Amino acid sequence: MQSQWKDADAQAAVQQYAARGINEDLALRTYTTRLLGRDPRLVLHGGGNTSVKTTVKDTFGADVPVLCVKGSGWDMAVIEPQGLPAVRMDVLTKLGTLNRLSDEDMVNVQRGALLDSTSPNPSIETLLHAFLPHKFIDHTHANAVLALSDQPNGEELCRKVYGDRVVLVPYVMPGFDLAKKAAAMFATNPKAEGMVLLKHGIFSFGATAREAYERMIRLVTEAEEAIAKIGRKKFAPAELPAKIASAADVAPILRGLVAELVDDNEGLWKRLVFDLRSGPDVMNFVNGADIARYSQQGVPTPDHTIRTKNWPMVVPAPDAGNLDGFRTGAKAALDAYVAGYHAYFARHNGKRGDAKKELDPFPRVILVPGLGAFGLGKSKKDARIAADLMDCTAEVVADAEALGTFNPVTEADLFDVEYWSLEQAKLGKEAEKPFARQVVVVTGGGSGIGAATAKAFAAQGAEVAVLDLNADAAQKVAKEIGSTVLGLGCDVTKPADVRKAFDAVCAAFGGVDIVVSNAGAAFQGRIGDVSDEQLRKSFELNFFSHQTVAQNAIRVMRAQGLGGNLLFNTSKQAVNPGPDFGPYGLPKAALLFLTRQYALDHGAEGIRANAVNADRINTGIFADGMLEARAKARGLTTQQYLREGNLLKREVKAADVAQAFVDLALARKTTGSVTTVDGGNIAAALR
Ligand code: ZN
């Protein structure tokens with residue numbers, strides 16, 4: 001591991017922040033915090049923090065000694081000075097005179113001692129930073145140090161590598177008690193460069209930002225070198241089926257199993273979103289013959305447990321030729337996992353401190369031999385975090401097993417972190433958006449109504465896959481919505497393309513819950529003269545493609561067993577033909593009937609089918625210049641034409657149609673219905 005410190009960058013940070021009135025200490029603290037945060041071998045998803053002791057001016061112009069310490073919610077890789085809130089040192093120091101302090105009181109006093117009342121909460125490890133004398137203190141959960149200290153004889157191994165240069169502190173849960181203990185142990189070796197909290201992480205100290213940072217790099221490198229001498233463990237492989245099933249086939253089965261039925265009558269499920277990893281370290285881990293032992297020891301550092309739970313679920317290797325057998329084996333694994341979780345809760349609840357509220361018993365990591373590891377979460381973002389932590393676990397455990405035996409903190413200690421009072425206090429307080437945890441596929445999503453619909457569902461919390469004939473357009477819309485959105489090229493008239501797209505969505509998110517079958521185009525021609533070819537082409541796009549998309553949706557929804565939602569974009573032409581629009585209206589009329597057929601045939605599976613019937617929307621579905629020409633023929637501008645054509649005299653926009661799709665997806669007791677979005681057109685009104 002190399003130091004990334006660069007004098008020029010450090011100086012640039014000092015100058016840049018000086019212009020905003022930020023002192024050199026905090027500028028350099030920000031700079032090296034980012035250096036640490038950018039290396040996943042050191043810091044992953046909040047697994048670390050830093051501080052500097054400095055002086056700032058208060059409102060009255062007086063100099064106030066403060067600890068600037070990482071605030072919760074900030075990512076170290078991109079931290080700004082406001083992510084290192086200033087806390088009054090005199091208050092923090094005085095807390096050291098107490099013999100006990102509850103977590104709630106500690107958080108409260110720390111908040112009260114902030115110079116800026118709008119700051120985030122200072123780190124839970126604030127007092128540890130405050131009670132030590134050094135100006136700069138860095139803390140990480142470095143993989144190599146975890147591999148070294150997550151051992152039955154971790155203290156001995158660390159001593160061998162570091163000698164007396166670091167203080168070794170036995171595991172204590174973060175908070176006031178750990179801060180007191182660390183300070184007391186440091187007092188016995190005041191020349192130490194750092195401190196290893198066994199089975200948790202490492203601290204380094206320095207008089208300058210550079211010294212603390214480079215000591216961290218050096219200490220971690222020494223642990224890496226000790227491991228490299230032996231080499232990462234290659235686990236003896238288990239025997240696997242000749243052909244492993246694909247992620248696209250496996251994920252929907254698992255996603256269905258780990259969903260929790262909230263309300264049968266409402267068809268409400270609490271689903272999870274998936275993220276698959278299959279890098280070499282993960283494959284080494286999941287394919288090992290001894291996986292049942294080394295995967296069930298616990299997490300490399302306790303703060304993973306909030307994201308991954310203490311243990312991943314291991315399912316049988318999925319044989320491509322026997323998915324039913326896989327489902328049966330996975331169900332048995334889940335039943336055992338859930339029973340094990342309830343038993344774990346019962347073993348520890350109330351043993352140290354107050355009785356707790358049990359969390360859901362479902363896994364957050366699923367290990368699939370032959371395939372990889374799925375991270376699970378309430379969103380794609382959370383699933384990625386769980387998967388990142390599993391990537392890290394696969395490395396740490398293989399290194400730990402090379403050195404000796406992976407042996408992290410005890411189950412009771414993990415329970416204390418998983419059921420930490422401050423985490424429990426947050427339970428049930430975060431309101432979720434209506435489509436959180438649901439995966440939506442939108443065809444023709446690269447522009448117009450499709451793009452507006454993808455955005456509307458994303459705004460309501462859905463995970464979104466945008467499909468479009470134009471892959472660039474799909475990716476552009478996906479990027480506009482957010483980093484977890486999938487954009488894919490897909491010709492919906494080609495069944496193999498549709499299958500490939502659904503496979504990609506299942507592999508990316510774990511399954512599909514809502515499909516908006518929107519892609520279409522307005523073919524024209526007088527019906528007595530139109531060529532067969534033209535009519536058949538329109539039927540391919542405006543009817544058969546919807547059938548292909550819907551059949552793929554049904555296949556995935558059935559594998560999940562969680563119901564689902566089909567939404568079709570029909571048209572006013574489906575009920576009220578326009579002159580020369582036969583080639584468009586005929587397949588759309590069939591599509592309207594298709595909607596009702598799906599509602600009828602798949603209602604018993606909890607799958608709803610509804611349609612939106614929109615008219616005169618300027619979204620590019622019509623041939624270039626057609627709307628303009630029609631408007632001109634009537635002596636109107638395009639906008640006037642669009643407004644004059646309906647009863648309300650309002651222009652109907654793509655976002656209005658998108659909202660109708662959202663409304664239908666929310667209407668849990670509605671199926672076989674058509675919602676009209678046309679500003680009012682009695683001739684096209686449904687009866
Ligand atoms: Zn820590």
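The values are calculated or read from the model by the stated rules, or taken from the named source; none is laboratory data. Just so we're clear, the structure is a prediction, and the values are computed from it rather than from any experiment. Note that we place each Cβ from the backbone using ideal geometry, even for glycine, and neighbour counts take in every protein chain shown. Heads up: the accessible areas ignore ligands, DNA and RNA and are worked out on the full protein's heavy atoms, side chains in. Shrake-Rupley method; radii C 1.70, N 1.55, O 1.52, S 1.80 Å.
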Suppose we keep only residues that are assigned to a loop (DSSP other than H, G, I, E, B) and more than 15 Å from the ligand (Cβ to nearest atom) within segment 143-178. Which one would you say is nearest to Asp39 (Cα to Cα)? Gln151
Output for segment 50-61, where each listed residue is modelled with pLDDT of 95 or more and either within 15 Å of the ligand (Cβ to nearest atom) or in a loop (DSSP other than H, G, I, E, B) (or both): Thr50, Ser51
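Select, from Glu430, Glu463, the only residue that is in contact (Cβ under 8 Å) with a residue 24 or more places away in the chain and among the acidic types (Asp, Glu). Give the derivation first.
On the way: Glu430 fails: in contact (Cβ under 8 Å) with a residue 24 or more places away in the chain.
The match here is Glu463.
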Answer yes if at least one residue in segment 131-150 is in contact with a strand residue (DSSP E or B) (Cβ under 6 Å, 6 or more places away or on another chain) and at pLDDT below 95, and no otherwise. no
Considering only residues of segment 179-214 that are open to solvent by 10 Å² or more (accessible area, probe 1.4 Å), without any contact (Cβ under 8 Å) to a residue 60 or more places away in the chain and in contact with a strand residue (DSSP E or B) (Cβ under 7 Å, 6 or more places away or on another chain), which is nearest to the ligand (Cβ to nearest atom)? Leu198
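Can you tell me which residue in segment 8-34 is farthest from the chain's Cα centre (by Cα), limited to those that are under 30 Å from Asp281 (Cα atoms) and open to solvent by less than 20 Å² (accessible area, probe 1.4 Å)?
Residues of segment 8-34 under 30 Å from Asp281 (Cα atoms): 32-34.
Next, from what is left, pick out any that are open to solvent by less than 20 Å² (accessible area, probe 1.4 Å): 32-33.
Details: Thr32: 27, Thr33: 24 Å.
Taking the candidates together, the pick is Thr32.
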Looking at Tyr584 and the list (1) in contact (Cβ under 8 Å) with a residue 40 or more places away in the chain; (2) surrounded by fewer than 22 Cβ atoms within 10 Å (Cβ to Cβ), which single condition is not satisfied? (2)
For segment 258-320, please list each of the helices (runs of 4 or more DSSP H) lying entirely inside it that holds at least 1 residues being surrounded by fewer than 20 Cβ atoms within 10 Å (Cβ to Cβ), in contact (Cβ under 8 Å) with a residue 12 or more places away in the chain and among the small types (Gly, Ala, Ser). 291-294
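Output the residues belonging to segment 87-102 that are surrounded by 17 or more Cβ atoms within 10 Å (Cβ to Cβ) and assigned to a loop (DSSP other than H, G, I, E, B).
The first filter runs over segment 87-102 and keeps only residues surrounded by 17 or more Cβ atoms within 10 Å (Cβ to Cβ), leaving 87-89, 92, 95, 101.
Listed by number, the list holds a single entry, Leu101.
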So Phe131 ticks every box in (1) buried (at least 24 other Cβ atoms within 10 Å of the Cβ); (2) more than 14 Å from the ligand (Cβ to nearest atom) but one. Which box is left unticked? (1)
Test of understanding: among Ala658, Ala604, Ala589, Ala599, which residue is at pLDDT 95 or above, surrounded by fewer than 18 Cβ atoms within 10 Å (Cβ to Cβ) and part of a helix (DSSP H, G or I)? Ala604
Being in contact with a strand residue (DSSP E or B) (Cβ under 9 Å, 6 or more places away or on another chain), within 28 Å of Leu268 (Cα to Cα), among the hydrophobic types (A, V, I, L, M, F, W, C) and assigned to a helix (DSSP H, G or I) is the filter here, so list the residues in segment 504-563 that pass it. Ala504, Val505, Cys506, Ala507, Ala508, Phe509, Val549, Ala550, Ala553, Ile554, Val556, Met557
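Inside segment 103-126, can you point out the residues that are in a helix (DSSP H, G or I), without any contact (Cβ under 8 Å) to a residue 60 or more places away in the chain and closer than 13 Å to Gly71 by Cα? Please lay out each step first, then the result.
At the first step, the residues of segment 103-126 found to be in a helix (DSSP H, G or I) are 103-112, 126.
Right, trim to without any contact (Cβ under 8 Å) to a residue 60 or more places away in the chain and you get 105, 108-112.
Of everything in segment 103-126, those that are in a helix (DSSP H, G or I), without any contact (Cβ under 8 Å) to a residue 60 or more places away in the chain and closer than 13 Å to Gly71 by Cα turn out to be Gln110, Arg111.
Would it be correct to say that Gly325 is at pLDDT 95 or above and either closer than 14 Å to Glu395 by Cβ or open to solvent by 20 Å² or more (accessible area, probe 1.4 Å) (or both)?
yes
If the requirement is being open to solvent by 40 Å² or more (accessible area, probe 1.4 Å) and in contact with a helix residue (DSSP H, G or I) (Cβ under 9 Å, 6 or more places away or on another chain), which of these qualifies: Ile253, Ile244?
Working: Ile253 fails: open to solvent by 40 Å² or more (accessible area, probe 1.4 Å).
Answer to the check: Ile244.
Specify the residue that is farthest from the ligand (Cβ to nearest atom); the eligible residues are those in segment 64-74 that are surrounded by fewer than 19 Cβ atoms within 10 Å (Cβ to Cβ) and at pLDDT 95 or above. Break it down stepwise before answering.
Our first condition is that a residue be surrounded by fewer than 19 Cβ atoms within 10 Å (Cβ to Cβ); within segment 64-74, this holds for 64-65, 72-73.
In the following step, the residues that additionally are at pLDDT 95 or above were identified as 64-65.
Numbers: Val64: 27, Pro65: 25 Å.
Residue satisfying both the conditions and the ranking: Val64.
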